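To start, the structure under review is shown below, and the notes come after it.
The values are calculated or read from the model by the stated rules, or taken from the named source; none is laboratory data. Note that the coordinates shown come from a computational prediction; the quantities given were computed from them, not determined experimentally. Every residue, glycine as well, gets a Cβ built from its backbone with ideal geometry; the counts of neighbours run over all protein chains shown.
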Amino acid sequence: MAERRDSFATIEAGRGIAALLVVAYHAGKVAANPAYWGAVPFGGAFTCGHAGVEFFFVLSGFIIAYVHGGDIGRRERLRRFAARRFDRIYPLYWLVLAPLTVLAVVGPRIASLAHVDGGAVVSSLLLVGPDAHAGVLTVSWTLFHEMLFYAAFGLLIVNRRAGIATLVLWAGLVLWAGLTGAGVGGVPSYVASPLNLLFGVGALVRVAMGRGLVRHPPPWLAGGVTAFAALAAEEVTASLLGDTARNLGYGIASAVALAGAVAWEQRRRLAVPLPLRPLGAASYSIYLVHYPALSAVAVVLRRAGATAALPASAGAVTLIAAVVLLGLALHRWVETPLLAALRRLRARQVKTVPPIAPEPRPA
């Protein structure tokens, strides 16, 4: 890249859009539940909202490659990389996970938590386990993929050759599982999921931009957005493509749009709508809290008689607005102070580490 920047407004906007897509997808499912409205809102337009996850994976691959690409092969940077990734993922996640775990273990029987046992609790805490979809927090399955990617990138930092070899083997495993349509014995299914390839697609965007391959950003942005919208229309109307092909298509379209948006912003010619920035900053909080919050808000609305008074589409919009506001509040009053406290703690730890004594010179 011609210019090094700490952050991009387009990436924040992308996070916000991706979070909204996922929230809308799950809001549509809640509205369609017979316990609430029993009708699909907006003619099923929200059914493509799961594509926000594919967008998130591509964004993650780009961000890690952009921020930590210079750390590859420098094992002394591993501790900093691991600390930053830990602070970004686990503390807030554990705060959201804790009440759900207590509810699952000692609370009344809830259908969405009926599968939770000791193994699920441990896997959920660590974000490592045999089944990503058996977690306490439903959306945590994506974080299992995220931690896999972080581990692979961490190996790149420790040893470039070993990291590259591992990534090649991992990609081969994913492709083999995809071509054969069968799982790989002894390997959790999420390890061989084709969704993992999207982290690499995002990293390739960083490489392409670093080599100056995105010379005319507007067509990249327009082409990526158009392809993404076409896939969404196909899924909502005809749904002819297989899930794997469609999901990879969403990821590639996201990557093309991302390359165009970031390169265009880098030339200072693309302005991002202001409301999308705080939404993007709060995207992780929104993502973590939205699934249980949707159910809780829907129960409140049902008891208040709103599910009978409001049509399904209006109900879905109400659900989305409520959980987004909750996510924004969580970000403002919990996530932001928490990350600030962790940064201060890390800074104190660095200051208290004694300097390495110089080796004595031979007499």
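What the table shows:
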read-out: Selection count, the range 164-193, where residues are touching a residue at least 40 places away in the same chain (Cβ under 8 Å), surrounded by 17 or more Cβ atoms within 10 Å (Cβ to Cβ) and in a helix (DSSP H, G or I); value: 2
read-out: Selection count where residues are in contact (Cβ under 8 Å) with a residue 12 or more places away in the chain, small (Gly, Ala, Ser) and out of contact with any Pro (no Cβ under 7 Å at 6 or more places or on another chain), scope the range 283-313; value: 6
read-out: Given (1) touching an Asp or Glu at 6+ places or on another chain (Cβ under 7 Å); (2) assigned to a helix (DSSP H, G or I), index of the condition Leu240 fails; value: (2)
read-out: Single residue of Gly129, Gly135, Gly119 found to be farther than 30 Å from Ile63 by Cβ, out of contact with any Leu (no Cβ under 7 Å at 6 or more places or on another chain) and among the small types (Gly, Ala, Ser); value: Gly119
read-out: Criterion (out of contact with any Cys (no Cβ under 6 Å at 6 or more places or on another chain), among the basic types (Lys, Arg), more than 27 Å from Ala134 (Cα to Cα) and in a helix (DSSP H, G or I)) met by exactly one of Arg88, Arg79, Arg84; value: Arg79
read-out: Leading residue by the ranking (surrounded by the most Cβ atoms within 10 Å (Cβ to Cβ)) among those in the range 228-248 that are in contact with a Cys (Cβ under 6 Å, 6 or more places away or on another chain) and of a type in the set (A, V, I, L, M); value: Ala232
read-out: Yes/no for Leu213 being not acidic (Asp, Glu) and not in a loop (DSSP other than H, G, I, E, B); value: no
read-out: Output for the range 56-70, where each listed residue is within 15 Å of Arg15 (Cβ to Cβ), of a type in the set (A, V, I, L, M) and either in contact (Cβ under 8 Å) with a residue 60 or more places away in the chain or crowded, with 17+ Cβ neighbours inside 10 Å (or both); value: Val58, Leu59, Ile63, Ile64
read-out: Odd one out for Gly16, checked against (1) of a type in the set (Gly, Ala, Ser); (2) in a helix (DSSP H, G or I); (3) surrounded by fewer than 22 Cβ atoms within 10 Å (Cβ to Cβ); value: (3)
read-out: Positions within the range 109-132 being modelled with pLDDT under 90 and within 24 Å of Ala27 (Cβ to Cβ), in sequence order; value: Ile110, Ala111, Ser112, Leu113, Ala114, His115, Val116
read-out: Count of the range 50-71 residues which are charged (D, E, K, R) and more than 23 Å from Ser239 (Cα to Cα); value: 1
